[in-house]
Amino acid sequence: MLSGVKCTVDQCVYNQSLHCTAASILIKIQGNDVVGTSRGTLCDTFSYRNPDHHNTHT
C-alpha cells in the first residue's frame, strides 16, 4: 500500500477510509496537455468498487 496517498472517490475499490490502498497509481492529464488546476488530472488506477460498473479509461 502506498503511504500517505489520500482519495475521496467513494466508488473506487482502492479507497479505504479515504486512503488509497493500490500498490501503485498512475495519474495522467486529461483534456489538453496543460494542467492548470487539480481538475486537469485523472487517476488511471481507478477501478469501480461496484462490479456492475466498468472502467472506461484505457
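The values are calculated or read from the model by the stated rules, or taken from the named source; none is laboratory data. Note that the coordinates shown come from a computational prediction; the quantities given were computed from them, not determined experimentally. Neighbour counts are summed over all protein chains in view; Cβ atoms, including those assigned to glycine, are modelled from backbone coordinates with ideal geometry. Just the protein is used for accessible areas: all its heavy atoms, side chains included, with ligands, DNA and RNA removed. Shrake-Rupley method; radii C 1.70, N 1.55, O 1.52, S 1.80 Å.
Could you check the range 6-17 and list, in sequence order, the residues that are surrounded by 11 or more Cβ atoms within 10 Å (Cβ to Cβ) and without any contact (Cβ under 8 Å) to a residue 40 or more places away in the chain?
Across the range 6-17, the qualifying residues are Cys7, Val9, Cys12, Val13, Tyr14, Asn15, Gln16.
Select from the range 33-56 the residues that are open to solvent by 100 Å² or more (accessible area, probe 1.4 Å) and either in contact with a Cys (Cβ under 7 Å, 6 or more places away or on another chain) or at pLDDT 70 or above (or both) and list them in ascending order.
Within the range 33-56, Arg49, Asp52 qualify.
Quick one: how many residues across the range 1-21 are of a type in the set (D, E, K, R) and more than 18 Å from Asn50 (Cβ to Cβ)?
Selection size over the range 1-21: 1.
Would you tally the residues in the range 14-32 being closer than 24 Å to Ser3 by Cα and modelled with pLDDT under 80?
1
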